[in-house]
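Single-structure report; data block below.
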Amino acid sequence: MSIVVVLLSLAAGAYALAVIERWAVHGHLSLTGPAWAALALLGRESLLARKSDRLFFELGPVLLLVAGLMAVAVIPLAPGLIITDLATGALFLNAALAYVLVALIMAGWGPNGAYAMIAGWRFLGQFIAYAMLIVMPITAVAMRAESLSTVEIVASQEQLWNVLYQPMGFILFVVAAMGLAWLPPLDLPDATGELAGGVEAEYTGVRLAVLRLARMVIILALAGATVTFYLGGWLGPWLPGWAWSAIKILAVAAAMLSVGRYMPRIREARYLALSWKLGISLALANIFVVGVIALVVPI
Amino acid sequence: MSELSQYAILFGLSVGVFGFVLSLYGLARAIGRTRSEPGKGVPATAGTLSRDPVWVRYHARYAGYALLFLAFDMEMAFMYPWAVVYREEGLIALLDMGVFLSILFLGLLYGWSQGALRRQ
């Protein structure tokens, strides 16, 4: 039962996110816009580049969608409203999102096009920059909750949300999540101005529709992970739990989408240097500080 | 729900995604077919075929980072079980992992001083 509810709310969330993206990026608020855009994509021809690696080309977007859905499966929307409450949920989230890298490299390699190829390999560099900053802050969250289950992690924030308990981890995680979802200013694999769309360059028609949908699901999964790990999940006064989850997830996603409007794209070399010299040091310091607090303060 | 049935659900969802995508493809095909015409298969390289083959060696200039990444990624495999029992074990756990992490951090600093944290 809860599976159907979560899948339906995922579809609704993806649509709402498409509306919000249009609004945050282009400044138009149109409720029907994404529906027409999706219909137009389905109606367009879906071309296959000559001499493409057909298997990788076809499987890339599908694997991306699978990865996004697996990540969504361990995010609780309300008590009991979760697809699978795995005991190792936080670790499973990492494992699922690791396939984003594989899928993007497949999508970049597949069409045998120069821009897509460069974009795919570039994302590997971006992966090395963001990957540690996804896993290290989650460690600090698990230390407080004494569990990797996402439901337990939300329950551990009953008295104080993690965003106040470990603000440094929150900032690191959100920035790394934006790198994972290749949102601007960290949109190196589809850098619109310099790579002609990058991994999206060779995808047209229905295949592009699947790729875009998969990316929406991944953004939702990451916003959901941010809310679960740092913003207290379904916890909140007055409103029911699912309403709080929906508000928080959409607000986080909208914030992540709108940052790119105010910041220029960062270069790969600079992103790597920043996240290893500054990011890893801060993440290790975060683990240490949370470790000391967790031993001294009982909450 | 038992662990096994949870993984069965996840597997079912993955298979379901393939079904969903296939039905989308069917819908798109019902709306209109793709006509095969010459020139449509040229990748997005200014309208002409690129002079050189595309599947060539790509210079992974982040190689230094990649090696450090391997070390850190292995370390994270130890960190997760440690994080779960951290509060039970108390100060001992903090000291144990503190030593481990400071050695690792010194490794990062050493790599930095040797120029590993640079795009080569």
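Where a number appears in this text, it was derived from the coordinates with a stated rule and is not lab data. These figures come from a predicted structure and were not determined experimentally. Note that we place each Cβ from the backbone using ideal geometry, even for glycine, and neighbour counts take in every protein chain shown.
A few remarks follow.
- Across A:G120, A:G80, A:G232, mean-square fluctuation computed from a Gaussian network of chain A (C-alpha pairs under 10 Å connected) peaks at A:G80.
- The tail of the calculated P(r) for segment A:97-250 beyond 27 Å holds 31 percent of all Cα-Cα pairs.
- Candidates per chymotrypsin sites (Phe, Trp or Tyr not before Pro) in segment B:1-73, loop by DSSP, up to 11 other Cβ within 10 Å: B:W55
- Of A:A201, A:A12, A:A209, the one that fluctuates the most in a GNM where chain A has Cα springs shorter than 10 Å: A:A12
- Helix-only [θ]222 nm of chain B, DSSP H runs n ≥ 4, -39500 (n - 2.57) each, per residue, nearest 500: -23500 deg cm²/dmol
- Placing +1 on the Cβ of every Lys and Arg and -1 on the Cβ of every Asp and Glu, with nothing else charged, gives chain B a dipole about its Cα centre of roughly 1040 debye.
- Loop chymotrypsin sites (Phe, Trp or Tyr not before Pro), segment A:167-257 (other Cβ atoms within 10 Å of the site Cβ: 16 or fewer; DSSP): A:W238
- Segment A:128-161 and segment A:70-123: distance between their alpha carbon centers, rounded to Å: 18
- Descending by average beta-carbon neighbour count within 10 Å, the peptides A:126-134, A:68-76, B:94-102 line up as A:68-76, A:126-134, B:94-102, the highest first.
- Set of lysines with alpha-carbon distance to B:K40 below 21 Å, sequence-local pairs under 8 removed: A:K51
- Test item: Cα-centred dipole of segment A:144-231, Lys/Arg +1 and Asp/Glu -1 on Cβ, debye: 120
- Mean Cα-pair separation over length for chain A, i.e. relative contact order, pairs under 8 Å, 6 or more apart, %: 27
- Sparse packing (at most 12 other Cβ atoms within 10 Å of the Cβ) combined with a DSSP loop state is found for the following GluC sites (Glu not before Pro) in segment A:120-160: A:E158.
- Over the residues of chain A, the helix contribution to mean residue ellipticity at 222 nm works out to -22500 deg cm²/dmol, using -39500 (n - 2.57) for each DSSP H run of at least 4.
- Shielding by partners, peptide B:21-28 (average Cβ within 10 angstrom, other chains): 6
- Segment A:1-109: C-alpha gyration tensor shape, a/c 1.5 cut-off, then a/b vs b/c: oblate
- Mean partner shielding of peptide A:270-279, defined as the number of other chain Cβ atoms within 10 Å of each residue Cβ, is 3.
- Normalised contact order of segment A:120-198, rounded percent, pairs of Cα under 8 Å and 6 or more residues apart: 37
- For A:K277, the aspartates and glutamates whose Cα falls under 15 Å of its own Cα, not counting residues fewer than eight places away in the same chain, are A:E268.
- Cα gyration tensor shape for chain B, rounded if a/c is under 1.5, else prolate or oblate: oblate
- Shielding score for A:134-147, defined as the mean number of other chain Cβ atoms within 10 Å: 4
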